[in-house]
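Reviewing the structure listed below.
The values are calculated or read from the model by the stated rules, or taken from the named source; none is laboratory data. Just so it is clear, the structure is predicted and the values come from calculations on it, not from any experiment. Counting neighbours? That spans all protein chains shown, and the Cβs are built from the backbone with ideal geometry, glycine included. Side chains are part of the model used for accessible areas, which takes the heavy atoms of the whole protein and leaves out ligands, DNA and RNA. Shrake-Rupley method; radii C 1.70, N 1.55, O 1.52, S 1.80 Å.
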Amino acid sequence: MSAKENKLRTFDKIPIFIVENHNEVLEFVYRCLGSRHLPFNNNTMIHFDSHPDMTVSRSMPSEYVFDKEKLLADVSIENWIMPTCFAGHFSQLVWMKPYWATQIKDNNYQFVIGDYCGNIRVNSTLEYFLSEASYRPESELSKNKLIDLKVRTLSNDFVGHADLLPSDSEVYMLDIDLDFFSTHNPFLKIYEKADAYTKLHPIFAFSWPDKLEQTDELLAKVKDRENQLNELEKVFQYIADNGHLTGITVPEILKPVWSQMIELVADVQANYSDVNWTLIYDAGCTCDTTDLPHHESPLEEINLLIDQFKQFLRGLQLPPTIVTISRSSYDDYCPVDQVEHIQEKVLIALQEVYGDRITNKPILDYKDEEWKI
């Protein structure tokens, strides 16, 4: 390929793509990769969100990252980032979080992402990855990519912009989930009359070693966690198919919590005639040592966060290549009665910081607006 063919293209105006579900930003990312507005490899993403969105699917074949249609159909809001890292498109991730998000502590992390038996796995011992049974030692991974992850909490006195972007970087993606400014845990109220969310915690609980170092003991615990989640998924599917637990063989790993499982099913069915057991399983998978954040911000706090957001962008000095925005309101992660206000404030902030370098006509994908490069 010639130097001319390798040269990146530039937009006349920084485009803004607004989607509803966060994984839908990938459609625009891939189009910008294909059009050479973003490098094919080693991009940086600055990700404003109340959630990391970096879980790794236990079941998605790793080969899907090389088939755009299969990948876009399989990923979801919590796991859309890591496949792009395994594909090599992103190697530097910056999770900018509000103070109420505690899933991963502020720090610099480096880990390997690779293929394990046809699935994507990581060698990170962060409990965020362990709880999803995503860990495998580097020696068991192939097609490895090195990932740099920086986690930072936004604040009035935020410093440290200089280390967020690689020194040779001229392009990066700015990604904003509107639930960064105000967020719900939508699972808190599922089947509330049965107190389902509270009852799920002991069923999905798991105990980790005090020291999360890469040892045979840790790997054995991860395999136990994977077995637990897989067996729970089968049990909830059995209930969905049969409407009861009668006749099921109790998995060995679930025997200590089987009485709680029976109680949960009885209480839910006593209060509801139409039950989505897959949704209940999904809710249970969020019951880790750190639950999903729940913090509905008053207007004054939203305005304060917007001011901090603008201050942060000015401190970066380098403007983004593209901006992606997720509303996350249909599933109530961003409160429905606040999302329009937050979106308007974010767009005004971007205009104030970047002026005529950024478009004043975002692509509203959630309203089915088309975009042509």
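Could you work out the local net charge near Phe204, counting Lys and Arg as +1, Asp and Glu as -1, over the other residues with Cβ closer than 12 Å to its Cβ?
Around Phe204, the charge tally is -4.
Please identify every one of the chymotrypsin sites (Phe, Trp or Tyr not before Pro) in region 275-373 that sits in a loop by DSSP and has no more than 15 other beta carbons within 10 Å of its own beta carbon.
On the way: sites: Trp277, Tyr281, Phe309, Phe312, Tyr330, Tyr333, Tyr354, Tyr366, Trp371; in loops: Tyr330, Tyr333, Trp371.
Answer in residue order: Tyr330, Trp371.
Given axes a ≥ b ≥ c from the Cα gyration tensor, I'd like to know whether region 323-373 is rounded (a/c under 1.5), prolate (a/b larger than b/c) or oblate. Intermediate results must be reported in sequence, preceding the final value.
Details: a/c = 2.87, a/b = 1.32, b/c = 2.17.
In terms of gyration-tensor shape, oblate.
Counting only C-alpha contacts under 8 Å and six or more residues apart, can you give the relative contact order of region 95-197 as a whole percent?
Once divided by the residue count of region 95-197, the mean separation gives 30 percent.
Quick one: what does P(r) look like for the chain with 10 Å bins over all Cα pairs, in whole %?
Spelled out bin by bin, the chain gives 5, 22, 31, 25, 12, 4, 0 percent.
Considering only Cα-Cα distances, which of the following residue pairs are longer than 27 Å: Lys7/Lys310; Lys68/Lys345; Lys223/Lys255; Lys70/Lys97; Lys70/Lys143; Lys7/Lys97?
Cα-Cα > 27 Å for Lys7/Lys310; Lys68/Lys345; Lys70/Lys97; Lys7/Lys97; rest within.
List the equivalent ellipsoid semi-axes of region 31-174 in whole Å, largest first, each obtained as the square root of 5λ for an eigenvalue λ of the Cα gyration tensor.
Working through the eigenvalues yields semi-axes of 24, 19, 14 Å.
Take the alpha carbon atoms of region 134-206, find their center, do the same for region 1-77, and report the distance between the two centers in whole angstrom.
17 Å
Tell me the carbon and sulfur percent of the accessible area for region 123-176, rounded to whole percent, probe radius 1.4 Å.
That fraction is 47 percent.
Starting with the highest mean, order 118-124, 160-166, 129-135 by the number of other Cβ atoms within 10 Å, averaged over the residues of each peptide.
129-135, 118-124, 160-166
Per residue, how much accessible surface does the chain expose to a 1.4 Å probe? Answer in Å², no decimals.
46 Å²
In whole percent, what relative contact order does region 2-131 give with Cα contacts below 8 Å and a gap of six or more residues?
So the answer I get is 28 percent.
Please give the length that would be gained between Trp258 and Leu245 if that part of the chain were fully extended, namely 0.36 nm times their separation in residues minus their C-alpha to C-alpha distance (nm, one decimal).
Extra length available between Trp258 and Leu245 comes to 3.6 nm.
Once the mean 1/r over all distinct Cα pairs of region 250-342 is inverted, what Kirkwood radius in angstroms do you read off?
Computed over Cα pairs of region 250-342, the Kirkwood hydrodynamic radius comes out at 17.8 Å.
Using label points projected 7 Å from each Cα along Cα→Cβ, tell me how many nm separate Asp12 and Lys68, to one decimal.
2.3 nm
Compute the length gained on full extension between Asn107 and Lys367: take 0.36 nm times their separation in residues and subtract their Cα-Cα distance, giving the result in nm to one decimal.
89.8 nm
With 10 Å bins from zero, work out the P(r) of region 117-231 over every alpha carbon pair and list the percent per bin.
In order of increasing distance, the bins hold 10, 27, 30, 27, 6, 0 percent.
Just to verify a number: what accessible area does His295 come out at with the full protein assembly present, 1.4 Å probe, Å² rounded to tens?
The value for His295 is about 40 Å².
Evaluate the distance, in nm, between pseudo-label points positioned 7 Å from the Cα of Tyr272 and of Glu352 along their respective Cα→Cβ axes.
Taking the simple label geometry, Tyr272 and Glu352 are separated by 4.2 nm.
To the nearest 10 degrees, how steeply does helix 216-242 sit against the main Cα axis of the chain, on a 0 to 90 scale?
The two axes meet at around 70 degrees.
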